[in-house]
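Heads up, the thing below is written out as structure tokens.
The values are calculated or read from the model by the stated rules, or taken from the named source; none is laboratory data. What you are looking at is a predicted structure, and each value in this text was computed from that prediction instead of being measured. All Cβ positions, glycine included, derive from the backbone under ideal geometry; neighbour counts span all protein chains shown. For accessibility, only protein heavy atoms count, side chains too; no ligands or nucleic acids. Shrake-Rupley method; radii C 1.70, N 1.55, O 1.52, S 1.80 Å.
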Amino acid sequence: MTNNPPIRILALESSCDETAAAIVENGRKLLADVVFSQIDLHALYGGVVPEIASRAHVEACDRVIDEALRQAGLSFADIDALAVTYGPGLVGALLTGVSCMKGLSYALRKPLIPVNHIEGHIAANYLSHPDLEPPFLCLVVSGGHSHLVNVPDYATYELLGQTWDDAAGEAFDKAARVLGLPYPGGPRVDALAEEGDPAYLHLPEPHTEGRYDYSFSGVKTAFLNAVNRLEMTGQPLPKADLAASFRHAVVEQLAGKAMLAARETGAAKLALAGGVSANRELRRRMTAECEKAGLPLYMPELRFCGDNGAMIGSAAYWRFLRGETAPLTLNAVPGLRLVSGN
Ligand code: KG4
Ligand code: ZN
């Protein structure tokens, strides 16, 4: 694929509730992948507690890096560059990772590549699909973002549309709360929905100004009101039917706009990315729609849908080739955008 000598990047991800380290060769080949999930630490509180996340990252950073080197059978001397997520995310969580990798970069005299977390999610597809090359259209759906992005080249992005309010993952998490399901809610709503009737409850379709924009707050409010009304009857909630109806409404919107954008922009390929790309209905629906449209579809393997270090190591490679490294003044940027100005 490339004539460059092998470049091995050690990457760290700590933007939310996963402390993850990975070693990736030439942006595509995974040599080590270690993910320490903090889910157990936050479950008690029903969501991520930023202070607890920061402390847990501090404690886990060194351990996941050591474990990644051990898994790959490598030492620091075999690493060409370091990479770290510097935004978007929780400021304290990001800062622990950025500080850790700046320290390593200084001590080892190795370049440090700053990576945007959303860019990482997109790059997860390069790990799962060795044949995938830009240009492609990407639907990025995570806990904090719902974007339709055109990827004309490696590490180059054009924002076609985004959510006006909640992100798709955030909406799934809120629906889970309403149904009394524990954190993290998205996967639980998805699992429950498998046994439910999506036609049980009709939820409204939003109207957005931009053709490729999303909005999930109306669906969420309508869902909450419907559940409240049902609760007032004193009958047990048909949770599986409610979960299926909610999932159907969200997936309908995600898939509908993604296919519209693919058609209208003449996209040659379509990719999914982010935590919500693990959603079973979204994967089935996109597979069916793309098959119908004759459009190649790329989805990350399930292990690369959620947060991980491997995707950061892949995204970093394309930046490294362009000579984009960070000075030791690098700071965490919690509100970092994928495309500046948007
Ligand atoms: O990408 P991610 O791991 O973290 C962020 O960058 O935000 O995404 C996490 C989000 C959470 O909101 C989680 O509930 C959602 O992705 N999620 C799902 C599924 N798996 C994870 N939502 C719906 N269905 C799933 N199977
Ligand atoms: Zn993420």
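Things worth noting here:
- Within the set Asp166, Asp173, Asp153, the sole residue that is among the acidic types (Asp, Glu), within 16 Å of ligand 2 (Cβ to nearest atom) and open to solvent by 60 Å² or more (accessible area, probe 1.4 Å) turns out to be Asp173.
- Leu31 vs. criteria open to solvent by 20 Å² or more (accessible area, probe 1.4 Å), assigned to a strand (DSSP E or B) and more than 21 Å from Ser142 (Cα to Cα): yes
- Matching residues in region 1-28 - criterion: being surrounded by fewer than 24 Cβ atoms within 10 Å (Cβ to Cβ), among the β-branched types (Val, Ile, Thr) and at pLDDT 95 or above: Ile7
- Taking the criterion of being open to solvent by 20 Å² or more (accessible area, probe 1.4 Å), in contact (Cβ under 8 Å) with a residue 24 or more places away in the chain and more than 11 Å from ligand 2 (Cβ to nearest atom), the residues of region 129-149 that qualify are His129, Pro130, Pro135.
- Yes/no for Asn308 being among the polar types (S, T, N, Q) and outside the structural domain of Gln38 (by TED's automatic domain parsing): no
- Subset of region 70-89 [surrounded by 17 or more Cβ atoms within 10 Å (Cβ to Cβ) and more than 17 Å from Ala316 (Cβ to Cβ)]: none
- Count of residues meeting criterion [closer than 23 Å to Tyr126 by Cα, in contact (Cβ under 8 Å) with a residue 12 or more places away in the chain and away from ligand 2 (no atom under 16 Å from the Cβ)] in region 264-280: 6
- Single residue of region 242-272 satisfying the filter (more than 17 Å from Ala171 (Cβ to Cβ) and part of a strand (DSSP E or B)) that is nearest to ligand 1 (Cβ to nearest atom): Ala271
- Failed criterion for Trp318 (all others in (1) assigned to a loop (DSSP other than H, G, I, E, B); (2) surrounded by fewer than 24 Cβ atoms within 10 Å (Cβ to Cβ) hold): (1)
- For region 332-339, the count of residues that are open to solvent by 40 Å² or more (accessible area, probe 1.4 Å) and free of Cβ contacts under 8 Å to residues at least 12 places away in the same chain is zero.
- Among residues of region 188-221, those that are surrounded by fewer than 18 Cβ atoms within 10 Å (Cβ to Cβ) and either in a helix (DSSP H, G or I) or within 16 Å of ligand 2 (Cβ to nearest atom) (or both), counted: 4
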